[in-house]
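Trainee: One structure follows; several queries about it will come next.
The values are calculated or read from the model by the stated rules, or taken from the named source; none is laboratory data. These figures come from a predicted structure and were not determined experimentally. Glycine also receives a Cβ, built like all others from the backbone with ideal geometry; neighbour counts cover every protein chain displayed. The area values use the complete protein model at the heavy-atom level, side chains included, leaving out ligands, DNA and RNA. Shrake-Rupley method; radii C 1.70, N 1.55, O 1.52, S 1.80 Å.
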Amino acid sequence: MVVLTALLVAMPAEAQKRIALTFDDAPRARGPFLTPEERTARIIAGLRKAKVRQAAFFVVPGNLAAPDGAGGEQRIAAYVAAGHVIANHSFSHPALKSRTAQAYLADIDRAGDWLKGRRGLRPWYRFPFLDEGGTDKAKRDAVRTGLAARGLSNGYVTVDGSDWNIENLTAQARKAGKPVDMDALRDLYVETHVESAQFTDRLAKQALGRQPVQVMLLHETDLAAYWIADLVAALRAKGWTIVTADVAYRDPIAKLHPDTPSAQGNLLEAIAWEKGVPAPRWYERNTLSIADPLFRQRVLHEGK
Ligand SMILES: [Zn+2]
């Protein structure tokens, strides 16, 4: 019995590295390489190849009226048909700082009306720009109360690599006629997100003394369409187990509402702040003045 206990205590930390994948802004506008339809087909195929049973797609129904929005409803249905789930990411993707709490909640309701009754719907709300009210605590609390009244919980993130920025930089380079080193782009995309997960794993151990289930923020990008299976393989090589979003949002951290001077960003960053964990609490490549030169050097081979 003593031996068994010792074995349990000695269970390697690797065994507890669990993470769910989430994709924001669906149906997203066309990216640098693929049509939206091709992108959806490839993301579904990549997740299937990687044996990811369930990812979450945070939907912005207002995107359906955008120039690339046609077919968006079918694309969202295709994700659900493949076993994935959907949730609310607002109707028009406003920053909370730019709206009153009342107008902001009305925008959430408009998205809720579109989502209502659809298969695969989960009662989660993801804040656009991860803006939960910033320094305006009255607004923060009004929206927290409004979400609770609607039965919505925070679809928080704990791992972020600013994939949207890598995709934007790629689109800009393509537009400018610059050659894009695709192998280097894949490596940067994969490495950035694995490093971010590793960073948050260390931060969580410091802040909580345990390893909560992590939630990775991705977007519906061409980068995911090409390399989501490579990213999953690289995570597994570092000891991560991919779990469903349902499992992730049952972690006890889902119940935490950290009180920080500015309500925004990654949940574990906020928890770490509240617990007094010293900086850095923010994965460095989410700082664009660090990420952008790295992209230019590694993917465009500039400035060497
Ligand atoms: Zn978004």
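Trainee: Relative contact order for the chain using alpha-carbon pairs under 8 Å, separation at least 6, rounded to a whole percent?
Mentor: 27 percent
Trainee: Ignoring ligands, DNA and RNA, how do 240, 282, 114 rank by accessible area with a 1.4 Å probe, largest first?
Mentor: Heavy-atom accessible area, descending, gives 282, 114, 240.
Trainee: OK, next. Each residue of the stretch 159-172 in turn: what ³J(HN,Hα) in whole Hz from Karplus with 6.51, -1.76, 1.60 and θ = phi - 60°, glycine and Pro shown as x?
Mentor: Once rounded to whole Hz, the list reads 10, 8, x, 6, 4, 4, 6, 4, 5, 4, 5, 5, 4, 4.
Trainee: Continuing with the same structure: Within the chain, count lysine pairs with alpha carbon atoms under 23 angstrom apart where the residues are 8 or more positions apart or belong to different chains.
Mentor: 19
Trainee: Indicate, rounded to the nearest 5 percent, the antiparallel portion of the DSSP beta bridges found entirely in the chain.
Mentor: Here the antiparallel bridges make up roughly 10 percent for the chain.
Trainee: Moving on to the next point. Take peptides 250-258, 77-85 and line them up by average Cβ neighbours within 10 Å, highest first, as a rough protection proxy.
Mentor: 77-85, 250-258
Trainee: About its Cα centre, what dipole magnitude does the chain give when the only charges are +1 on Lys and Arg Cβ and -1 on Asp and Glu Cβ, stated in debye to the nearest 20?
Mentor: The dipole of the chain has a size of about 540 debye.
Trainee: In the chain, if every C-alpha pair distance is counted and binned at 20 Å from zero, what percent goes to each bin?
Mentor: For the chain, the pair-distance distribution reads 33, 59, 8, 0.
Trainee: Another question, then. Which listed residue (74, 221, 128) has the Cα farthest towards the positive end of the charge dipole for the chain, taking +1 on Lys and Arg C-beta and -1 on Asp and Glu C-beta about the Cα centre?
Mentor: 74
Trainee: Counting pairwise Cα distances across the stretch 168-229, what percent come out greater than 19 angstrom?
Mentor: 45 percent
Trainee: Please report, largest first and rounded to whole Å, the three semi-axes of the ellipsoid equivalent to the stretch 160-200, where each semi-axis is the square root of five times an eigenvalue of the C-alpha gyration tensor.
Mentor: That gives 23, 11, 4 Å for the three semi-axes.
Trainee: Follow-up. Work out Dmax and Rg for the stretch 22-62 from the C-alpha atoms and quote the Rg first, both in angstrom.
Mentor: Computed over the Cα atoms of the stretch 22-62, radius of gyration and Dmax are 10.8, 31 Å.
Trainee: In sequence order, what are the phi-derived ³J(HN,Hα) couplings for the stretch 79-92 according to the Karplus relation 6.51 cos²θ - 1.76 cosθ + 1.60 with θ = phi - 60°, rounded to whole Hz, with x for glycine and proline?
Mentor: Karplus values, whole Hz, x for Gly and Pro: 4, 5, 4, 7, x, 8, 10, 10, 7, 7, 10, 6, 7, 10.
Trainee: Once amide H atoms are built 1.01 Å from N in the peptide plane, which residues 5 or more positions from residue 154, or in another chain, come under 5 Å H to H?
Mentor: For residue 154, whose amide H was placed from the backbone, the distant partners under 5 Å are 125.
Trainee: Right, next: Among 294, 35, 145, which residue has its Cα furthest toward the positive end of the charge dipole of the stretch 14-298, with +1 on Lys/Arg Cβ and -1 on Asp/Glu Cβ?
Mentor: Going by the charge dipole, the pick is 145.
Trainee: How large is the Kirkwood hydrodynamic radius of the stretch 23-106, in angstrom, based on all distinct alpha carbon pairs?
Mentor: With all distinct Cα pairs of the stretch 23-106 included, I get 13.6 Å.
Trainee: Would you grab the residues whose amide H sits under 5 Å from the one on residue 23? Only those 5+ places off in sequence or on another chain, please, with H modelled 1.01 Å from N.
Mentor: The list, which skips near neighbours in sequence, is 56, 57, 58, 218.
Trainee: Let me ask something additional. What nm distance separates the two modelled labels at residue 92 and residue 148, each placed 7 Å from Cα along Cα→Cβ?
Mentor: Simple spin-label model gives 2.9 nm for this pair.
Trainee: Would you mind telling me the share, in percent, of accessible area of the stretch 117-159 contributed by carbon and sulfur at probe 1.4 angstrom?
Mentor: Carbon with sulfur: 56 percent of the solvent-accessible area.
Trainee: Using a Gaussian network model of the chain whose springs link C-alpha atoms within less than 10 Å, name the residue from 38, 132, 220 with the highest mean-square fluctuation.
Mentor: Residue with maximal mean-square fluctuation among 38, 132, 220: 38.
Trainee: Output wanted: per-residue J couplings in Hz (rounded whole) for the stretch 207-221, from phi through Karplus 6.51 cos²θ - 1.76 cosθ + 1.60, θ = phi - 60°, x for Gly and Pro.
Mentor: Along the stretch 207-221, the couplings run 7, 10, x, 8, 10, x, 6, 8, 10, 8, 8, 10, 10, 6, 10 Hz.
Trainee: Would you pull out the residues with amide H under 5 Å of residue 263's amide H, same chain only if 5 or more places away, H placed 1.01 Å from N?
Mentor: 134, 135, 136
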